[in-house]
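What follows is a short report on a single structure.
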Amino acid sequence: MSTDCIFCKIVNGVIPAKRIYEDDDVIVINDIKPMAKVHFLIVPKLHVETLKDCDVTHQTLLGKVLLLAPKLAAEQSLSGFKTLINTGREGGQEVFHIHAHVFGGGKV
Ligand code: AMP
Ligand code: ZN
């Protein structure tokens, strides 16, 4: 938990956000500025800043994040989708709490 991290605040209920999925390890929320008709974020509850900060101890968590993408996409009737993990400022990352974007359904 990082006190100045927006996704930690959402995970901990300090900032409200509708969770489209939750389990012990992750929450899934719709992106506040959707770039596709379906655009959700799979957010681990654990505060890890970027993919560069992950090691083998995060392997199971990262696998879980990826495997949730097709499951939740299917629940939203998507037959295909895009996934994206931005890493670092140069990689377009804005929120420094690791998350995977899932896009589908065409442009907004
Ligand atoms: P990234 O550039 O990969 O760090 O993406 C961060 C994403 O988080 C952006 O697409 C934002 O629109 C999204 N975002 C920021 N704040 C919120 C929020 N409170 N609820 C949902 N999505 C958010
Ligand atoms: Zn965080």
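I'd like to verify a number: residues in the range 47-76 that are within 16 Å of ligand 1 (Cβ to nearest atom) and either out of contact with any strand residue (DSSP E or B) (no Cβ under 9 Å at 6 or more places or on another chain) or outside any helix (DSSP H, G or I) (or both), how many?
8
When Lys37 is evaluated against the numbered criteria (1) touching a residue at least 12 places away in the same chain (Cβ under 8 Å); (2) more than 11 Å from ligand 1 (Cβ to nearest atom); (3) closer than 20 Å to His58 by Cβ, which criterion, by number, is the only one it fails?
Tallying (1) touching a residue at least 12 places away in the same chain (Cβ under 8 Å); (2) more than 11 Å from ligand 1 (Cβ to nearest atom); (3) closer than 20 Å to His58 by Cβ, Lys37 fails exactly one: (3).
Would you check which residues across the range 80-101 are part of a loop (DSSP other than H, G, I, E, B), under 17 Å from His39 (Cα atoms) and within 8 Å of ligand 1 (Cβ to nearest atom) and list them? First the steps, then the outcome.
As a first pass, look at the range 80-101 and keep what is part of a loop (DSSP other than H, G, I, E, B): 80-81, 85-88, 92-99.
Within this subset, residues satisfying the condition of being under 17 Å from His39 (Cα atoms) are 80-81, 85-86, 92-95, 98-99.
Once the filter is applied, which keeps residues that are part of a loop (DSSP other than H, G, I, E, B), under 17 Å from His39 (Cα atoms) and within 8 Å of ligand 1 (Cβ to nearest atom), the range 80-101 yields Ile85, Asn86, Gly92, Gln93, Glu94, Val95, His99.
Residue by residue through the range 1-34, note down the ones that are without any contact (Cβ under 8 Å) to a residue 60 or more places away in the chain, in contact with a helix residue (DSSP H, G or I) (Cβ under 9 Å, 6 or more places away or on another chain) and of a type outside the set (A, V, I, L, M).
Thr3, Pro16, Arg19, Tyr21, Asp23, Asp25
If you scan the range 35-45, which residues turn out to be surrounded by 15 or more Cβ atoms within 10 Å (Cβ to Cβ) and farther than 15 Å from His99 by Cα? Walk me through how you get there before you give the answer.
Narrowing the range 35-45 to residues surrounded by 15 or more Cβ atoms within 10 Å (Cβ to Cβ): 36, 38-45.
Of everything in the range 35-45, those that are surrounded by 15 or more Cβ atoms within 10 Å (Cβ to Cβ) and farther than 15 Å from His99 by Cα turn out to be Ala36, Val38.
What are the residues in the range 1-24 that are surrounded by 14 or more Cβ atoms within 10 Å (Cβ to Cβ) and of a type outside the set (Lys, Arg), if any?
Selection gives Cys5, Ile6, Phe7, Cys8, Ile10, Val11, Ala17, Ile20, Tyr21.
Hey, among the residues in the range 46-81 that are under 20 Å from Ile20 (Cα atoms), surrounded by fewer than 14 Cβ atoms within 10 Å (Cβ to Cβ) and charged (D, E, K, R), which one's farthest from ligand 2 (Cβ to nearest atom)?
In this case the residue turns out to be Glu75.
Bear in mind that the values in this text are calculations on the coordinates, not laboratory data. Just so it is clear, the model here is predicted, and its values are computed rather than measured. Heads up, the Cβs are rebuilt from the backbone with ideal geometry, glycines too, and the neighbour counts pull from every protein chain shown.
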